[in-house]
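Asks: Supplied in structure tokens, the structure appears directly below.
Bear in mind that the values in this text are calculations on the coordinates, not laboratory data. Model, not experiment: these values are computed from the prediction. Reconstructed Cβ throughout: ideal geometry from the backbone, glycine too, with neighbour counts over all protein chains shown.
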Amino acid sequence: MATVNPLADDVETYGDRLLAGVSGIGHWSSIDVSALECRIGGDLGDYDTAAALDSLAESIPQYSLARARKLFKTSTFANRLTMVCALRAWLDAELFNATFDPFRASSIVGGHNFNSRYITRNVHQFDEEPEYIDPLLGVEALDPNIAACTGEIVGLCGPTLTVGGACASGNLALRAGFRDIVTGDCDLSVVSSAAFDMSAVDIQASVILNALPVEPEFQQHPERASRPFDTRRCGFVPSHGTGTMILEELNCARRRGAPIWAELLGVAANANGDHLPAPSAPFQARIMQQLLTATGTHPEQVDYVNCHATSTPLGDLEEVRAIKAAFGDHAWRLKLNAPKSMLGHTCWAAPIVETIGGLVQMQRGQLHPTINVDEVDPEIDLDICANEPQEHETVYMLKNAFGFGGINCCSLYRRWDS
């Protein structure tokens with residue numbers, strides 16, 4: 001697995017900074033937000049993707065490097081970030097030079113509207129002079145191009161697609177990859193979530209929905225703005241981020257001696273039956289319970305919940321209510337934390353970016369703090385790892401993801417002990 005996010009671009013440093021409670025939130029520099037009330041986020045717009053690719057030159061086969069370099073010449077920012085992550089994850093899984101059937105390997109990307117800033121620039125160019133838009137706009141702007149490029153650089157010929165479900169997209173992509181394997185169609189799946197390369201228009205649209213923090217204090221001190229579970233939480237902080245996870249059928253992985261981070265037990269999804277972007281505890285609780293039943297897991301076996309917790313007044317509260325409803329008295333024995341308190345909200349990529357952090361914590365026997373909890377909401381009376389890391393040997397991790405459109409998707413992981 002691999003990730004590039006506001007905290008780090010390698011898994012081990014990412015884990016270190018999560019455990020240290022470091023915030024990756026600052027002021028936007030790659031997007032002109034000077035006219036907006038919200039001017040803060042997790043900005044990767046200046047991340048040097050070419051240098052990141054070059055750093056792999058001694059570690060990956062030349063054919064993959066040459067393919068990626070060729071694609072980089074015309075690819076969008078979101079696509080380049082995803083290709084870097086996919087190559088690093090493929091390397092981490094020790095799949096270079098491994099024998100596999102390319103027709104039994106899928107490339108799935110979670111998310112949608114990845115290239116918003118790129119498209120916006122071309123719209124402005126069209127208004128000025130239509131002949132000068134990017135000649136490859138008709139290819140590069142399309143979301144499925146990212147899944148196709150990911151498959152191309154590692155030589156996959158199996159199912160190739162994108163799965164969109166707002167902020168639940170990453171988990172929905174994992175669900176698709178998981179199903180490719182359990183149905184017997186594939187032996188492995190490269191599951192990525194590309195960065196949402198948002199424009200100032202996208203940020204302003206969320207401001208108008210009262211979804212982002214606009215308070216002057218937080219514009220001056222952006223590192224304090226994302227504060228899940230705190231009484232002063234007032235909206236999510238948008239961020240760039242991408243991640244890739246390699247799913248592989250267990251026997252195949254064991255035969256080739258693959259390094260295994262964890263066992264994915266299952267992924268389940270439902271919806272509120274209402275398009276409005278309002279979270280609903282009953283539907284969230286139902287999908288958690290459905291996932292536990294489908295995987296044969298008793299509620300008491302789960303010991304850690306990697307929360308969706310976006311730092312919105314209603315969302316955090318509804319998620320905690322759902323956890324209480326799903327787990328009953330056991331909810332008060334669970335460990336919870338909120339990675340968005342440090343990352344901000346990496347949007348469609350959040351479930352995968354945050355799962356990667358969760359699996360690092362699982363391997364290290366520690367849980368990162370939920371930072372910026374100055375005064376916990378009185379109704380949030382579970383163990384949220386407020387402000388301090390905790391020693392904890394996670395065995396079962398539940399990862400929640402809830403998206404606009406009333407889309408709910410949860411995944412469940414078990415520690416792998418060889």
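Asks: If you check P102 against the conditions, is it crowded, with 23+ Cβ neighbours inside 10 Å and in contact (Cβ under 8 Å) with a residue 24 or more places away in the chain?
Replies: Values: crowded, with 23+ Cβ neighbours inside 10 Å: no; in contact (Cβ under 8 Å) with a residue 24 or more places away in the chain: yes.
Here the answer is no, as P102 does not meet what is asked.
Asks: Of the residues L87, L44, which is in contact with a Ser or Thr (Cβ under 9 Å, 6 or more places away or on another chain), within 28 Å of I356 (Cβ to Cβ) and part of a loop (DSSP other than H, G, I, E, B)?
Replies: On inspection, the qualifying residue turns out to be L44.
Asks: Mind counting the residues in region 1-41 that are assigned to a loop (DSSP other than H, G, I, E, B) and either among the hydrophobic types (A, V, I, L, M, F, W, C) or touching a Gly at 6+ places or on another chain (Cβ under 8 Å) (or both)?
Replies: 16
Asks: A follow-up question, please. When you go through Q284, Q290 one by one, which is the residue that is of a type in the set (S, T, N, Q), under 28 Å from V373 (Cα atoms) and either in a helix (DSSP H, G or I) or out of contact with any helix residue (DSSP H, G or I) (no Cβ under 6 Å at 6 or more places or on another chain) (or both)?
Replies: Of Q284, Q290, the one residue that is of a type in the set (S, T, N, Q), under 28 Å from V373 (Cα atoms) and either in a helix (DSSP H, G or I) or out of contact with any helix residue (DSSP H, G or I) (no Cβ under 6 Å at 6 or more places or on another chain) (or both) is Q284.
Asks: Still on this structure, please answer the following. Could you tell me which residue of region 182-226 is nearest to T370 (Cα to Cα), considering only residues that are of a type in the set (V, I, T) and free of Cβ contacts under 8 Å to residues at least 24 places away in the same chain?
Replies: Residue satisfying both the conditions and the ranking: I208.
Asks: Show the residue pairs meeting these rules: Cβ distance below 8 Å; 6+ apart or different chains; first residue within region 113-141 and in contact (Cβ under 8 Å) with a residue 40 or more places away in the chain; second residue in a helix (DSSP H, G or I) and surrounded by fewer than 15 Cβ atoms within 10 Å (Cβ to Cβ).
Replies: S116/V201; T120/V201
Asks: Can you tell me which residues in region 342-391 are out of contact with any helix residue (DSSP H, G or I) (no Cβ under 7 Å at 6 or more places or on another chain) and of a type in the set (S, T, Y)?
Replies: Scanning region 342-391 gives a single hit, T355.
Asks: Let me ask something else. Would a scan of region 148-156 turn up a residue that is touching a Leu at 6+ places or on another chain (Cβ under 6 Å) and either assigned to a loop (DSSP other than H, G, I, E, B) or under 30 Å from I181 (Cα atoms) (or both)?
Replies: Yes, that holds for at least one residue.
Asks: I've got another one for you. Mind listing whichever residues of region 192-243 are under 22 Å from the mean Cα position of the chain (by Cα) and acidic (D, E)?
Replies: If the condition is that a residue be under 22 Å from the mean Cα position of the chain (by Cα) and acidic (D, E), then D197, D202, E223 are the ones that fit.
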